[in-house]
Amino acid sequence: MTELNKLTIADARDGMRKGDFTSSEITEACLTEIDGAGALNAFVHGTADIAREQATAADARIKAGDAPDMCGIPLGIKDLFCTKGVPSQAASRILEGFKPEYESTITSQLFDAGSVMLGKLNMDEFAMGSSNETSVYGDVVNPWRREGSDAKITPGGSSGGSASAVAADLCLAATGTDTGGSIRQPAAFTGITGIKPTYGRCSRWGVVAFASSLDQAGPMTKTVRDSAIMLQAMSGHDAKDSTSADLAVPDFEAALTGDIRGKKIGIPKEYHMDGMPAEIEALWANGREMLKDAGAEIVDISLPHTKYALPAYYVIAPAEASSNLARYDGVRYGHRATLGAGDAIDDMYEKTRAEGFGAEVQRRVMVGTYVLSAGFYDAYYNRARRVRTLIKQDFENVFNAGVDAILTPATPSSAFGLGEMKNADPVQMYLNDVFTVTVNMAGLPGVAVPAGLDSQGLPLGLQLIGRPWEEGDLLNHAYVLEKAAGFVSKPGKWW
Amino acid sequence: MLDLTYKAPKPKVIAGMRDDWELVIGMEIHAQISSEAKLFSGASTKFGNEPNSNVAFVDAAMPGMLPVINEYCIEQAVRTGLGLKAEINLFSAFDRKNYFYPDLPQGYQISQLYHPIVGEGEVLVELEEGVARNVRIERIHMEQDAGKSIHDMDPTMSFVDLNRTGVALMEIVSRPDIRSPEEAAAFVGKLRQILRYLDTCDGNMQNGNMRADVNVSVCKPGQYEKFAETGDFGHLGTRCEIKNMNSMRFIQAAIMVEANRQIAIIEDGGKIDQETRLYDPDKNETRSMRSKEEAHDYRYFPCPDLLPLEIEQGWVDDIAATLPELPDAKKTRFMGDFGLSDYDASVLTAEVENADFFEEVAKAGDGKLAANWVINELFGRLKKDDKTIQDSPVNPGQLGGIIALIKKGDISGKIAKDLFEIVYTEGGDPAEIVEARGMKQVTDTGAIEAAVDEIIAANPAQVEKAQANPKLAGWFVGQVMKATGGKANPAVVNQLVSKKLAL
């Protein structure tokens, strides 16, 4: 019974129904693991009482025989999700002490399905970062280490807490959010699976906004099947989110046939980046072979505007963020600076926001404010929007030509050491998103699947990009890749 | 139907120290959309509730909250557009206008800068009989109202009331077609009238449900015509915007002092700075709120939380089909169908409730008589009691009943006034009152004839005088009326007196 925390969602689901173990038992195993994993700094707020209560209710439901798939599954929840009565701070000081009076649509759906909340997970502040070093709670540590080294490695970001927690088996799965790669990059850095669904598939209501036109929530899980099961529960139309799509949610797990014979896989030539490590090239080539061996046709494709994606992303995302974060002003909730005599409202804003926001958030708010300013709007924001349209068209052209999925590396490197990028140009950090931002810009679904280890023993992931609203088909491709890659490595427990 | 044609009014000319100057005015009217719920939340819009009680999570800009458009507000904006004969844009979109203020929780106002829901329209502003300005509407867009900051409740703190935050507004933007303070006030009045007819805004200026920003500039005679011809604003003076006016009287006063201020500066060799100003009614002056340099950079961009708003022509047509008769059409119809004067028709159509009341009364069969009674007797009496038509003690059926009795010859006009007062103060059915109190007019010629004979016989000296000067016959009429307790039909009395005196 001690290893129940290592279960996948699918195995837990089936085992609970067979009576092999209960949700309460799995939950206790996870809570014990979480208690012992302080060194990872993944969980920042435990909700053991809620978890036990939910697990008991889930066990009753499973016993009654009408429980949904996610019933009784203990999850970690990214701090970006507002959870009723539970601290929800987006890992920022500015939301110090904030406990929402409402539950996000996605967590509502998960809890209605019987899922268990173990606690809130660390992340980059307001989901801005690729290394989980911008959190007010401090860095998250990757359970993986370089062979023969005890240097701390980043789990990636912004869903770094989610990735670490799942990779270290502190929970069965976790929610993540992805604005430019924040599910897929950390998934790749920690050897787990993460999918960013089509924009509009999952409700954004109750998820703290970073860049509204790019933000999408998704599951971070141990297997592709688990992603299919959990995404199912997270998806669906929400009248409270005007950008949520009013479309039926297909059965994603049923789509996992393992058969991709005759499918066309596109290999975009623009994703061969200068200076990309040979190991990444090799991993990619390997992925091509695996899909080919499974009966898919591999075709070279071109996505000509790829190189403009990252700069355009770093105009649009900060622009929206600068406006979305304006509400954190110290007036109604969260942190408010102590004011001096004679301080006026502008002083309150300036002091509160200077104290409440970390450096990366401040940088992006300033960039966003700048690109929206009179006189710069057309040169930056409007031009970036045009680029975005072109990127979308690139993908449409490829899919219209019959391509079913696109295979790319998930990241340009394996996980780097915490602190290694501290003095680097911020753009160096932004380059982590180079393979993932295009997907957000085009609103497409993208999944990261672990596909191997690099020479230092760190996990590497491949990314598959699918047609809009075809997450089932996309996951089926990922499923084939997962089986072929046979990635079973786990980080050795040192924490 | 009558086809009314109007002459354009002359622009206001102001004599400066050296030159004559003309006014050029454009207005932005912020009208609160009549709707139970706010533009993007289900919170109530009810005025006067406890502070911060009409607030949904999204109104307070809680983290992760999202706006969802209130379809009824869209319908109201479309209805307004149709009422102003404006183009309805089937595609419109919402933008964020970013600025910091405590009563703006989101840190931005959701508005429509780039793609407003309503395009060009017009408002006919009548100034006097046969004289009207056609003011063109440039656009109408929807936006959220801000909350209220309260600075005078505590010496060190300010308070914020979010009840108004997120309430739907329409901003109705005119072209600079207005040429005098009177026209400006009349424009606001006409717009208010139309919106009230449409039931898209209650027009309550006191509560701030209708506010105006007034753009004022001055130019020398002839310049405006050049502008009108070319569209080049270079022919006009630099404008200043006077913000947030909520009284017709202040609007007129503010325009005059602002124009005089500008003229004085220009004639003194100075230059007008384009800026936003506030009017101080106590001092009757405008003062600078912020200059162009200090103007906010609102960093407008499309609101990513809302999809562009696409509506269908069929839906617009359905709304158009339910549009009520509007003031201009109603007035014309009243003049045509009831033979009312321009003035009477204007008075009766000023408020839709008055017009409806009048039409009910007119069912008694005489529109002109009904108009007289409604305007002179009813309105006069209501005004005396400081009442509006909504709380009139006399309903249209009762007033119609009184008029029917006059028409039938059952009562005289004088008796009718007494009857009206009885109905007004005591209520009841006019016909029954007349019957019960014996107020019915005597039309029996025999009875009247007897009375006439009696009075002629008793006053031979008066007979002689009247025969010499027929104007004095009125004395006999008066005596007969007196003798019959005012109930004799005056027309019959007149006729008989003339006959008997052989005039």
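The values are calculated or read from the model by the stated rules, or taken from the named source; none is laboratory data. Just so you know, these numbers come straight off a predicted model, no measurement behind them. Cβ coordinates were reconstructed from backbone atoms using ideal geometry, including for glycine residues, and neighbour counts include every protein chain displayed.
Observations on the model:
Per-residue answers, yes or no, for (1) closer than 25 Å to A:Asp246 by Cβ; (2) among the aromatic types (Phe, Trp, Tyr):
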{"position": "A:Ala448", "(1), (2)": "no, no"}
{"position": "A:Asp454", "(1), (2)": "no, no"}
{"position": "A:Gly461", "(1), (2)": "no, no"}
{"position": "A:Gly466", "(1), (2)": "yes, no"}
{"position": "A:Trp469", "(1), (2)": "yes, yes"}
{"position": "A:Asp473", "(1), (2)": "yes, no"}
{"position": "A:Ala478", "(1), (2)": "no, no"}
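- Any chance B:Glu87 is of a type outside the set (Lys, Arg), under 30 Å from B:Val125 (Cα atoms), away from chain A (no Cβ under 12 Å) and without any contact (Cβ under 8 Å) to a residue 40 or more places away in the chain: yes
- Any pair with Cβ under 7 angstrom, 6 or more apart, that starts in segment A:1-30 at a residue that is aromatic (Phe, Trp, Tyr) and ends at one that is surrounded by fewer than 23 Cβ atoms within 10 Å (Cβ to Cβ): A:Phe21/A:Met1; A:Phe21/A:Gly15
- Taking the conditions (1) touching a Gly at 6+ places or on another chain (Cβ under 6 Å); (2) free of Cβ contacts under 8 Å to residues at least 60 places away in the same chain in turn, B:Glu71 satisfies each one other than (1).
- Qualifying residues in segment A:333-367 (those that are buried (at least 17 other Cβ atoms within 10 Å of the Cβ) and free of Cβ contacts under 8 Å to residues at least 60 places away in the same chain) - the one nearest to the other protein chains (Cβ to nearest Cβ): A:Tyr349
- Odd one out for B:Arg249 among (1) buried (at least 16 other Cβ atoms within 10 Å of the Cβ); (2) within 14 Å of B:Pro181 (Cβ to Cβ); (3) not polar (S, T, N, Q): (1)
- Matching option when the condition is touching a residue at least 40 places away in the same chain (Cβ under 8 Å), within 26 Å of B:Asn354 (Cα to Cα) and of a type outside the set (A, V, I, L, M), among B:Arg175, B:Arg239, B:Arg211: B:Arg211
- Scanning segment A:392-419 for residues that are assigned to a loop (DSSP other than H, G, I, E, B), of a type outside the set (Ser, Thr, Tyr) and touching a strand residue (DSSP E or B) at 6+ places or on another chain (Cβ under 9 Å) returns A:Ala401, A:Gly402, A:Val403, A:Asp404, A:Ala410, A:Ala415, A:Phe416, A:Leu418.
- Selection within segment A:54-92: residues that are more than 14 Å from every other protein chain (Cβ to nearest Cβ), surrounded by fewer than 24 Cβ atoms within 10 Å (Cβ to Cβ) and among the aliphatic types (A, V, I, L, M). The member of this set that is nearest to the chain's Cα centre (by Cα) is A:Ala67.
- When the residues of segment A:368-382 are filtered to those that are within 9 Å of chain B (Cβ to nearest Cβ) and of a type in the set (Phe, Trp, Tyr), the one that is surrounded by the most Cβ atoms within 10 Å (Cβ to Cβ) is A:Tyr381.
- Residue match in segment B:253-260 (condition: assigned to a loop (DSSP other than H, G, I, E, B) and surrounded by 15 or more Cβ atoms within 10 Å (Cβ to Cβ)): no
- Near pairs, Cβ below 6 angstrom, 6+ apart or cross-chain, from segment B:391-402 (not assigned by TED's automatic domain parsing to the domain that holds B:Val361) to any residue that is assigned to a loop (DSSP other than H, G, I, E, B) and not aliphatic (A, V, I, L, M): none
- One residue stands out among those in segment A:318-332 that are assigned to a helix (DSSP H, G or I) and in contact with a Ser or Thr (Cβ under 6 Å, 6 or more places away or on another chain): the one that is nearest to the other protein chains (Cβ to nearest Cβ), which is A:Glu320.
- Residues that are within 19 Å of A:His477 (Cβ to Cβ) and touching a Pro at 6+ places or on another chain (Cβ under 7 Å), drawn from segment A:444-465: A:Leu444, A:Pro445, A:Pro450, A:Gly461, A:Leu462, A:Gln463
Listed here are the residues, each with its yes/no results for (1) of a type outside the set (S, T, N, Q); (2) surrounded by 14 or more Cβ atoms within 10 Å (Cβ to Cβ); (3) not in a helix (DSSP H, G or I).
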site	(1), (2), (3)
B:Glu449	yes, yes, no
B:Asp453	yes, no, no
B:Ala461	yes, no, no
B:Glu464	yes, no, no
B:Gln467	no, no, no
B:Ala473	yes, yes, no
B:Met481	yes, yes, no
B:Gly485	yes, no, yes
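- Of all residues in segment A:98-107 being outside any helix (DSSP H, G or I) and in contact (Cβ under 8 Å) with a residue 60 or more places away in the chain, the one that is surrounded by the fewest Cβ atoms within 10 Å (Cβ to Cβ): A:Tyr102
- Just so you know, in segment A:163-222 the residues that are of a type in the set (S, T, N, Q) and part of a strand (DSSP E or B) include one that is nearest to the chain's Cα centre (by Cα), and it is A:Thr177.
- Within segment A:218-241, being crowded, with 20+ Cβ neighbours inside 10 Å and within 11 Å of chain B (Cβ to nearest Cβ) holds for A:Asp238, A:Asp241.
- So A:Cys71, is it closer than 26 Å to A:Glu103 by Cα, in a helix (DSSP H, G or I) and in contact with a helix residue (DSSP H, G or I) (Cβ under 9 Å, 6 or more places away or on another chain): no
- Each residue in segment B:294-331 was checked for being away from chain A (no Cβ under 12 Å) and either surrounded by fewer than 17 Cβ atoms within 10 Å (Cβ to Cβ) or closer than 26 Å to A:Asn324 by Cα (or both), and 15 pass.
- The strands (runs of 3 or more DSSP E) located wholly in segment B:92-200 that include 1 or more residues which are within 30 Å of A:Tyr333 (Cα to Cα) and within 14 Å of another protein chain (Cβ to nearest Cβ) occupy B:95-98, B:108-111, B:131-144, B:148-150, B:159-161.
- Residue within segment B:304-315 that is assigned to a helix (DSSP H, G or I), more than 30 Å from A:Val315 (Cβ to Cβ) and not polar (S, T, N, Q) present: yes
- Scanning segment A:136-157 for residues that are buried (at least 23 other Cβ atoms within 10 Å of the Cβ) and free of Cβ contacts under 8 Å to residues at least 60 places away in the same chain yields a single hit, A:Gly157.
- Failed item, numbered, when A:Ala424 is tested on (1) within 30 Å of A:Ala167 (Cβ to Cβ); (2) among the hydrophobic types (A, V, I, L, M, F, W, C); (3) within 13 Å of chain B (Cβ to nearest Cβ); (4) in a loop (DSSP other than H, G, I, E, B): (3)
- Sole residue being in a loop (DSSP other than H, G, I, E, B), within 14 Å of chain A (Cβ to nearest Cβ), of a type in the set (S, T, N, Q) and out of contact with any His (no Cβ under 6 Å at 6 or more places or on another chain), chosen from B:Ser34, B:Ser41, B:Ser53: B:Ser41
- Out of A:Leu121, A:Leu95, A:Leu110, sole residue that is farther than 19 Å from A:Met429 by Cβ, surrounded by 20 or more Cβ atoms within 10 Å (Cβ to Cβ) and touching a strand residue (DSSP E or B) at 6+ places or on another chain (Cβ under 6 Å): A:Leu121
- Set side by side, the residues B:Arg96, B:Arg79 differ, and just one is farther than 26 Å from A:Ala209 by Cα and not β-branched (Val, Ile, Thr), which is B:Arg79.
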